[in-house]
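Have a look at the structure below before the remarks.
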Amino acid sequence: MGQRIRILSIMLGRRSATSLIVLLAAACCCAAQNHGASKTQRIEELISHYKKYGYINGAILVAERGKVIYAEGIGDANMESRTPNTPRTKFGIASITKQFSAALVLQQTLEGRIRLEGRITDYLSWYRKDTGDRITIEQLLHHTSGLPPDFDMPEFSDSEAASRHYEPQEFAERFCQSQLTSEPGTKWEYSNCGYDLLGLVLERVTGKPFEVLLRERLLEPLGMKNSGMNRNDLERLGGASGYKRHAGPRYTPGPYIDQGHVFSAGAMYSTVEDLFLWNQALSASTLISKEIRESIFKPGLHDWAYGWFVTKIPPGEPGAGHTLAEMRGDMPGNFFSWILRYPEQDDVIIVLRNGYGSTERLEQNIQAILFDQEPKMPSRSPKDLAARAWQVPVAWVDAHPTMSVVLGLIALAGIWRLTRRKRRIRSPAPV
C-alpha cells in the first residue's frame, strides 16, 4: 500500500497523493462502519431510499429469529386528512385471507365436521351435482378443483363489475358453478371461487357466519385485535384508504371494490403487528396444533400448500437454497400485501401497502439484508423523472394563475408578431 502511494506521489505530486490518502482512509472508514451496522440500521437506510423516491406507502415489519427488528409506517393512511401510517394501521390484505380460511377448514377436519375427501355437494346442497359430486374439499384448498382460473375475472378486478354487491352464496351460485376446465385433482389453477365455496362450507357445518367463526377460533385467541372482515367499512374502522400510484409519484383514490363477494377468498383486513402474531402462531402455538401447522406448509402442485406458496430460494438470490413460504394479496388499485417466511431462520418480512403500483424489489432487498448480503439500492425511475419535469411548471401555474395568464398573453403576442414578420419577409417585393 505504501509503495503504491509513493509511486503516485511522484506521478501526481504531493498534494494529489495526500488527497488520495484521505479518500482511501475515508473509504476504509465507511466500509468498516457499513460492515458494523446492525441489520436494523441497514433496513432503515434501505427504506429511506424507498421513501425518498415515493416507492412505498404503507407499513413494514421485519423479524429475525422470532424478534421484531424493524416496524414502521411510511406515508399516509389517508392522504386527504394526512393521517400517517403506523404498524397498527389496518390494511386490506386480500388473498392472504386464504391462509385463515384454510386453517379454519383444517380445524374443522380435526373436529370431524369436514372431511378433506368430502365432496362440495356433501355440504352445499344447492351446488350443481354433475361437477359438485366430483370436487373434494382437499381440491378446493389446493386449487386443483378443475374450476377455471378467475384472478382476472371482472368481479375480482378493479372494473365496474367488482363494485356490484353480492352476498357470498348469491355470488357463488351465479359465478362459481362454471364448467370444469380440467379433471379435478390433475391441474393447478388459482381459484378465488374455490375459497369462497370453502367459506360457505364452514358456515354450513358450524352454523356460524364466517366472520364470527374467524374471530372466535383464530383472531381473539391469538390477540389479533386489529384484524377482521372488511364489510366495506374499513375506513370507518380507522383503516387505510387505498390509492393507485402514478408516475411522479402521484396518487389517486383507488376504485371501489365491494367486499361481499370477495368473502373468505380475500376480504380480511389486518396490520403488520397482527400478522406477526399470526406468523408466530404458525411457528409454535397450542391454538394451532402441530398437525395443522405441518399440513399448512406441505406443498402440492405448483408449490401451493394451504394458503402459501412453499419453495426453495433459487440460485443467485439472497439465501439461495433456504425454504421460503410466501403469499401476496392483491386488491387492484387499492392494496398490495406480501408476507415472506423463512422457517429455518424463524425470520419474517411483512409489507402492507395502500399505495398500489410499485414494489421495486423492496422485499427482495430486505431479504438480502436478512441473509447478510448487500441490497440493490433503488434509483428514481425515468417515468417519475419525466412526470416531475412536467409537474413543476403545472404546479407553478396552479400557484400563480394571474401571472400565468399574463405570461401566456405575452407569449401569444410574441408568437403573433414573429409570424407577421416572417410573412413580410416571405412576401415578394412589388414590381
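Computed from the coordinates by the stated procedures, all read-outs in this text should not be read as laboratory data. On a predicted model such as this, the values are computed, not experimentally measured, just so you know. Please note: Cβ atoms are built from the backbone with ideal geometry, for glycine as well, and neighbour counts cover all protein chains shown.
Computed over all pairs of different Cα atoms, the Kirkwood value for the hydrodynamic radius of the range 198-296 is 15.5 Å.
For the range 357-363, putting each phi into the Karplus relation 6.51 cos²θ - 1.76 cosθ + 1.60 with θ = phi - 60° gives couplings of x, 7, 10, 6, 6, 4, 5 Hz, in residue order, rounded to whole numbers and with x for Gly and Pro.
Sorting 118-131, 331-344, 313-326 by their mean Cβ neighbour count within 10 Å, with the most densely packed peptide first, gives 331-344, 118-131, 313-326. In degrees from 0 to 90, rounded to the nearest 10, what is the angle of the helix 14-36 Cα long axis to the longest principal axis of the chain? Computed tilt is about 10 degrees. Between the Cα long axis of helix 97-110 and the first principal axis of the chain there is an angle of about 20°, rounded to the nearest 10. Expressed as a fraction of 2.2 N^0.38 Å, the value expected for a compact globular protein of N residues, the C-alpha radius of gyration of the range 129-239 is 1.19.
Across the range 240-366, the fraction of Cα-Cα pairs farther apart than 22 Å, rounded to a whole number, is 44%.
The charge dipole of the chain, taken about the Cα centre with unit charges on the Cβ atoms of Lys, Arg (+1) and Asp, Glu (-1), comes to about 3060 debye, rounded to the nearest 20. Summing charges over neighbours of ALA267, with a neighbour being any other residue whose Cβ is under 12 Å away from its Cβ, gives -2 when K and R count +1 and D and E count -1. If you take all other residues with their beta carbon under 13 Å from the beta carbon of ALA161, and give Lys and Arg +1 and Asp and Glu -1, the sum is -4. The calculated P(r) of the range 119-167, using every Cα pair and 10 Å bins from 0, goes 24, 36, 36, 4 in percent. Karplus-derived 3J(HN,Hα) values for the range 138-146, using 6.51 cos²θ - 1.76 cosθ + 1.60 with θ = phi - 60°, are 4, 5, 4, 4, 9, 6, 10, 6, x Hz; glycine and proline are entered as x.
The C-alpha atoms of the chain define a longest principal axis, and helix 2-12 lies at about 40 degrees to it. Sorted largest first, the spans of the alpha carbon positions of the chain along the three principal axes are 96, 82, 40 Å. Each stretch of four or more DSSP H residues adds -39500 (n - 2.57); spread over every residue of the chain, this sum gives -12500 deg cm²/dmol at 222 nm. Partners of LYS67 within straight-line reach, counting lysines whose Cα lies under 19 Å from its Cα and excluding those fewer than 8 residues away in the same chain: LYS39.
Here's the list of lysines a cross-link from LYS187 could span, going by alpha-carbon distance under 28 Å and ignoring same-chain residues fewer than 8 apart: LYS98, LYS129, LYS298, LYS312. Taking amide hydrogens as placed 1.01 Å from N in the peptide plane, the amide H of HIS246 sits under 5 Å from those of TYR251, THR252, each at least 5 positions away in sequence or on another chain.
Converting phi to 3J(HN,Hα) with the Karplus coefficients 6.51, -1.76 and 1.60 and the offset θ = phi - 60°, the range 76-87 yields 10, 6, 9, 6, 6, 8, 6, 7, x, 6, 9, x Hz in sequence order, with x at every glycine or proline. Toward the positive end of the charge dipole of the chain, with +1 on the Cβ of Lys and Arg and -1 on the Cβ of Asp and Glu, the farthest Cα among GLY266, LEU214, ILE43 is that of ILE43.
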